[in-house]
Structures are given as C-alpha cells and as structure tokens.
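Below: one structure, written as structure tokens.
The values are calculated or read from the model by the stated rules, or taken from the named source; none is laboratory data. Note that this is a predicted model, so its numbers are computed, not measured. All Cβ positions, even for glycine, are placed from backbone atoms using ideal geometry, and neighbour counts span all protein chains on display. Side chains included, ligands, DNA and RNA excluded: accessible areas come from the protein's heavy atoms. Shrake-Rupley method; radii C 1.70, N 1.55, O 1.52, S 1.80 Å.
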Amino acid sequence: MSKKSCKKFEEDIDSSEVLEDDNKSIIMGLIAQLRKGTDLSRVTLPTFVLEPRSMLEKITDFMSHPDLLVRASKTSDPTQRFVEVCRFFLSGWHIKPKGVKKPYNPILGEFFRCEYNLKDGSKAMYISEQVSHHPPISAYYYSLPELGIFVTGEAHPKAKFLGNSAATVMKGYTRIVFSELNNETFEISNPNVYARGILFGKMIMEMGDQSTIKCKSLDLICELDFKTKGYFSGQYHSVTGKIKRISTGDVLYEISGVWTEELFIKGKNSSKESFFNVSKHPVIAKSVEPLDDQEWNESRKLWSKVTAGLAAKDMDAATDEKTFIENRQREETAVRQKEGLQWHPRFFNINKHDEYEFKGVKGIDYKNLSQAKEHLEKHMFAHTPPAVSPTTSAETFINEQGQKTLISERKPIAA
C-alpha cells in the first residue's frame, strides 16, 4: 500500500461552532418538520453539517494508537494489562472535527480498509463494511496478526432528535482478543454522542452516558461515565471511571480527566498520575491506497466528489454528488426487491452467535502468526474489479454469490 497516501489527523480541542445565518435557517426549517424522539436515520441532513469522511473510516479513530494495544498485549501482570487496555480504549476519543459534524452515512456494500506501520516493524490492518442499511450496521475487523491481537466489532448508531440537541445512541460492541494469552477477551461498549445547541446557544459535540470494558477471565471491569456539561455547572468532555473486581466490587483504580486533553489514574494505594496526555501521544497515521487504485465502493473513492465539494466550500456540487449516491442506492434496492435478490456482504458473514464475522478469519493458523499476517492481507486487500454491461452501458457490481446489482449510469457532476 502507498505510504504517501497516509492521512494524518490534527487535534483541535475547540469543538464548538456558530452557524452562519443561511445555514441556521436551513437547520431551523428542517427541525420544524421533526418531533421530539424522531429517528434521524431516515432524515436527509444538509451537506454543510457533514464531516468529510465516512462512518466506516471514522471508526478508525479508536485504532489510532495501536502502540498502546501492543504494550497491553506484552504486559505480563494481568491487572496492569487490563489497565493498559483501558488506556488504549480512552486514547481515540480526542480525534474529532471542529464543530458539530456528522460523517457520511455509508451505503450498503461500501467498505474502507487501511493499515498502520508501527515503529517496531509490526503492522496493524483494518477493514470495515456496511453490512446493513436499515437499520445501519457497520462491521469491522482490526488486527496485528503477528502479535496475536485481533479486534472485532459492530457499530449500530441510532440518531434521535431531542429538541435543542440530537443524540446518537451507539449500540454494538468492540471485542479485543489476545490469542497468545489463551484468547484473553475484552468486551467493550461505547458511550453515546450528543450534538448540543441546535436551536439556541453554541453548537457543540459531546460524549455522554456509560461505557464499560470487561474481561471475565481476569475478573475485572472498568465502568466509565462520560459526562456532558450542565447549563450552569460542569466541564466539557470530562470522564470518570472505576476499575473494579467483578466478583467483589473492590475498586482498584479511579480514572478522571478531560478526554480531549489529559486523563489521570489513581491506584488504591497510590497518588494520581497522568494516564493519557493527548499532546504527548501523536496518532499513528493510517496508510490508504491512492484513489485511482481503489474500487468504486471504497469509502474515499465513493465519496471523493462530495469531499472535494466540501473542501472547496462548493455546497451545491457536494449536495449534487451526495444526492446522486443516495439515489443510486435507492435504485439498487428497488432492483433487488423487484428481482427477489437478497444482499450478502462481501467481507463478513453472520456466525452462529448472530454476529458479523470477517470471512478472512477462516483459515488463520493461530500457531503460525506470520502465516496469519499473509492470510489476512490476502483477504483484506484483494481487489475485485467491477464489470460493465455492454447492453446498458451501466456499471454492474457482482459479489461473491454471483448476484448482480444494476447501478445507474453516472452523470458527470463537477466537484
């Protein structure tokens, strides 16, 4: 994969935004049509509120410090190893856009893949696919196979209108497995996301509610409380947490701080110390194939003209491109329904636990992790070029099951 295609994220702790008058009027017009509790997954939002990347790529924010996960896997003390996993989980939240921005809603079958090259020579690999559109489900798989680190997960975001705010309830899970430690497993749930100040006041994005990290074999749980700021008190982006024994409830560590700046940890018999400092832990840049080498439904390629329009502040062009993508998805759905076809994801299957499992896990030799790396690279980064139907002059995508989905002929739209 091309290293010159790396994309680096810069942190900006100012997450508030003041809308221009024209944009404010558009938002107010949209809100006037909504009721409190409305499901926003079927509501088309104006282009100017979009973050210029897909939800499938945004998930990688939480993978941006793989060195911390490596450190966790190499920590011999079980309790300290759990603490290190907590550090890794908390390290990704600071990566966010300025203001209140929403990533692109992935279309069915869209996928994103990338890799991370660590200083020690090891490599992390990530792939995600939109496996369901209604309800929206993003399945993902992340691994440092040579070190026996395997991460699986699903994101089931559900957005609701709450009056002066909108909430995205982040259902789903993340599961970290250390295969070299008898498949030691960490189950993680995510906090929810809130966009405040939609009707009045400053618009700001916050994390809120509870999140947990649990390892049953270690008898440990971390209970985190992401706090939203009150009207008259509190602090933006604060979090508190406790690491406890599951069986006894004994508190071993307390976590506190501001997740956009610095977090602290205090042991039962020790003083408070820095746990994660954003300014001292630069993210490890992801490597992504150049757009010209990507398949049509890879996230950056698929949304490239929308992204270009946003970058140029040409909202008309960005909106036209976004509308084209959304209309094409509706056409594909209509064709499948008419022909009685059922959608099957390309990279993931439903397993016996009713979870989406990366197809590449079959055939992994966990006793030969160097082979596992080659095996996963083959399954993650293989290319399947689209076919073109000469009778319709339209692009046709053929998946592994041989199903054919018609895609309307592209109309040239300047970006």
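Any chance the stretch 116-139 includes a residue that's buried (at least 21 other Cβ atoms within 10 Å of the Cβ), in a helix (DSSP H, G or I), on the phi < 0 side of the Ramachandran plot and not acidic (Asp, Glu)?
No - not one qualifying residue is present in the stretch 116-139.
How many of the residues making up the stretch 349-377 are free of Cβ contacts under 8 Å to residues at least 12 places away in the same chain and open to solvent by 50 Å² or more (accessible area, probe 1.4 Å)?
So the count comes out to 11.
Based on what the data block shows, is Gly92 at positive phi and open to solvent by less than 10 Å² (accessible area, probe 1.4 Å)?
On the way: at positive phi: no; open to solvent by less than 10 Å² (accessible area, probe 1.4 Å): yes.
Taking the combined requirement at face value, the residue does not satisfy it.
Could you list, in sequence order, the residues of the stretch 158-180 that are at pLDDT 75 or above, farther than 30 Å from His375 by Cα and open to solvent by 30 Å² or more (accessible area, probe 1.4 Å)?
Within the stretch 158-180, Lys158, Thr168, Val169, Met170, Lys171 qualify.
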